[in-house]
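Any read-out appearing in this document is the output of simple, stated calculations on the displayed coordinates, not a laboratory observation. Nothing here was measured: the structure is a model prediction, and the numbers come from that model. When we count neighbours, we look across all protein chains shown, and the Cβ atoms used for this are built from the backbone with ideal geometry, even at glycine.
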Amino acid sequence: MYTSVHTHIVLVYSNRNRNETVFYNELIELAEKFKNRFIVEFLISSDFDLSKARLNKELLPELVKQYAVGNAADNLFYTCGPYSYMRMVVLALEEMGIAADSIRKENFNTELKPIIKAIPPDIASHKVVLRSQEKEYKFISQYPDTILQAARKNGINLPYSCETGRCGSCAVRCTNGKVWMSNNEVLTDADIANGNILTCVGYPIQGDIIILL
Ligand code: FES
């Protein structure tokens, strides 16, 4: 059991109405009891105040700004809910500059279909230059290894979670060259137009690539 007395917790809890909100009264009691350490923000979709009825990509950064302790990037974020809800949360947090390994998800969706791994249109080997603020790495990536797997084989540990193109934890930006993805259930067309790619399902095609962490 986690027993730190210094941890601050903010629960953003989305429900259809108060009557159906599991542990509604108990959570209010806990928030009363631990005033300085536990805050619960109920978002009720049947409420008249539409600004706080549903969590979305506008409201989430506002809540983070309001409740984050110190620098938002130093906080940990946990999300659980339907697939599209968690995807929105992860993307919104990543757009705020929160590192993928500071975002934890609880996946309970059992309806996901298995992914059939497709073959990229170019399976030749290509050089990958990977730049972070501190370092630059170079390695070769070639099918059947994804960029993530090729990096790992070269001792470079990139962030990831699902390894199936479904969570967005491995998203990075490709600034030069082309990356083909065998599956993508996270990035929007606008994300892709901005060069975002998923390394866990990504393969360099038609030449060498440069990606930024
Ligand atoms: S690790 Fe989940 S999308 Fe790549």
> With each pseudo-label sitting 7 Å past Cα toward Cβ, what's the I119-F34 distance in nm, one decimal?
Replying inline: 5.4
>> Tell me the net charge near S46. Cut-off is 11 Å between Cβ atoms, S46 excluded, with +1 for each Lys or Arg and -1 for each Asp or Glu.
In response: 0
>> Can you compute 3J(HN,Hα) from phi for each residue in the stretch 77-91, using the Karplus curve 6.51 cos²θ - 1.76 cosθ + 1.60 with θ = phi - 60°, rounded to whole Hz and x for Gly and Pro?
In response: 10, 10, 9, 8, x, x, 3, 5, 5, 5, 4, 4, 4, 4, 5
> What is the extension gain from S102 to F139, computed as 0.36 nm multiplied by their sequence separation minus the C-alpha to C-alpha distance, in nm to one decimal?
Replying inline: 10.7 nm
>> Give me the dipole magnitude in Debye, nearest 20, for the chain about the Cα centre, with unit charges on the beta carbon: positive for Lys and Arg, negative for Asp and Glu.
In response: 400
> With Cβ to Cβ distances under 10 Å as the rule, what net charge do the other residues near I197 carry (K, R +1; D, E -1)?
Replying inline: +1
>> Counting only chymotrypsin sites (Phe, Trp or Tyr not before Pro) that sit in a DSSP loop (anything but H, G, I, E, B) with at most 10 other Cβ atoms within 10 Å, what is the longest stretch of the chain containing none of them?
In response: 109-213
>> Multiplying the sequence separation of N56 and L27 by 0.36 nm and subtracting their Cα-Cα distance, what value in nm do you get?
In response: 8.2 nm
> Considering only the other residues whose Cβ falls under 11 Å of the Cβ of L213, what net charge follows from Lys and Arg at +1 and Asp and Glu at -1?
Replying inline: +1
>> Calculate the FRET efficiency for E20 and N183 from the Cβ-Cβ distance with a Förster distance of 35 Å, rounded to the nearest 0.05.
In response: 0.55
>> Checking a compactness column here: for the stretch 126-212, what do you get for Rg(Cα) / (2.2 N^0.38 Å), N being the number of residues?
In response: 0.96
> Rg and Dmax of the chain over Cα atoms: what are they, in angstrom?
Replying inline: 19.9, 61
> Out of every Cα pair in the stretch 9-106, what percent are spaced more than 15 Å from each other?
Replying inline: 64
> Relative contact order for the stretch 57-213 using alpha-carbon pairs under 8 Å, separation at least 6, rounded to a whole percent?
Replying inline: 23
